[in-house]
Amino acid sequence: MLSVTPDITIQDWELTESFTRSQGPGGQNVNKVATAVELRFEAQRSPNLPPYVKNRLKRLAGRKWTQDGALIIRVEETRSQARNRDIARDRLKELIQKATERPKRRIPTKPTLGSKRRRLEAKTRRGEVKALRGRVSDD
């Protein structure tokens with residue numbers, strides 16, 4: 001069981017871990033030990049996540065979200081399988097915590113009268129500078 005927030009806990013049946021060999025160089029031991037961890041969380045079927053958290057999680061996860069509503073996190077940072085497992089679970093926890101935070105609603109504001117004036121004055125000054133770049137007459 002993984003505790004994310006005081007009211008959200010993830011049961012063990014929702015998580016599936018598979019271990020594979022890590023990519024890249026690593027000497028003779030790399031071909032024998034499966035240290036990379038692929039953590040699969042059945043987010044869409046999870047009864048512990050409210051719908052708004054699921055929607056935000058789907059948007060935050062991006063390519064890690066599968067067609068059938070699972071979240072896949074792959075970690076192969078360290079040579080230790082146990083450490084990679086912990087990192088994967090921590091990343092899942094952080095992602096769900098980020099999805100629980102409601103984004104602040106943006107309040108649209110209008111530009112002040114002074115800022116409008118300054119903008120228009122800057123435009124006229126710039127226009128005058130550009131007007132002086134024209135051809136010089138023989139007068």
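Computed from the coordinates by the stated procedures, all read-outs in this text should not be read as laboratory data. Computed from a predicted structure; not experimentally measured. Note that each Cβ is placed from the backbone with ideal geometry, even for glycine, and that neighbours are counted across all protein chains shown.
For the chain, the relative contact order is 20 percent, taking Cα pairs closer than 8 Å that sit 6 or more residues apart in sequence and dividing their mean separation by the residue count. Taking the longest Cα principal axis of the chain as reference, the axis of helix 51-61 is set at about 80 degrees.
On full extension, the segment bounded by Arg83 and Ala122 gains 8.2 nm, given 0.36 nm per residue less the C-alpha separation.
At 222 nm, what value in deg cm²/dmol follows for the chain if DSSP H runs of at least 4 each add -39500 (n - 2.57) and the sum is divided by all its residues, to the nearest 500?
Working: 3 runs with 50 residues, N = 139.
Calculated mean residue ellipticity at 222 nm is -12000 deg cm²/dmol.
The label-point distance for Asn48 and Gln67, in a model that sets each label 7 Å from Cα toward Cβ, rounds to 2.9 nm.
The longest stretch of the chain left intact once loop-based GluC sites (Glu not before Pro) with at most 14 other Cβ atoms within 10 Å are removed from consideration, loops following DSSP, is 1-76. The distance between label points at Leu15 and Lys104 comes to 3.3 nm (points 7 Å beyond Cα on the Cα→Cβ vector). Each principal axis of the Cα cloud of the chain was taken in turn, and the coordinate range along them, longest first, works out to 89, 44, 25 Å. Restriction of the trypsin sites (Lys or Arg not before Pro) in segment 77-139 to DSSP coil positions whose beta-carbon has at most 14 other beta-carbons within 10 angstrom yields Arg79, Lys104, Arg105, Arg106, Arg133, Arg135. Can you give the angle from 0 to 90° between the axis of helix 113-131 and the longest principal axis of the chain, with both taken from C-alpha atoms, to the nearest 10? Relative to the chain, helix 113-131 is tipped by roughly 60 degrees.
Ranking Thr9, Ser22, Val129 by Cα position along the charge dipole of the chain, where only Lys, Arg, Asp and Glu carry charges on their C-beta atoms, puts Val129 farthest toward the positive end.
Remark: the Ala131-Ala34 segment gains 27.9 nm on full extension, using 0.36 nm per residue and subtracting the alpha carbon distance. Here each label is just a point 7 Å from Cα along the line to Cβ, and for Asp90 and Ser115 those points are 4.1 nm apart.
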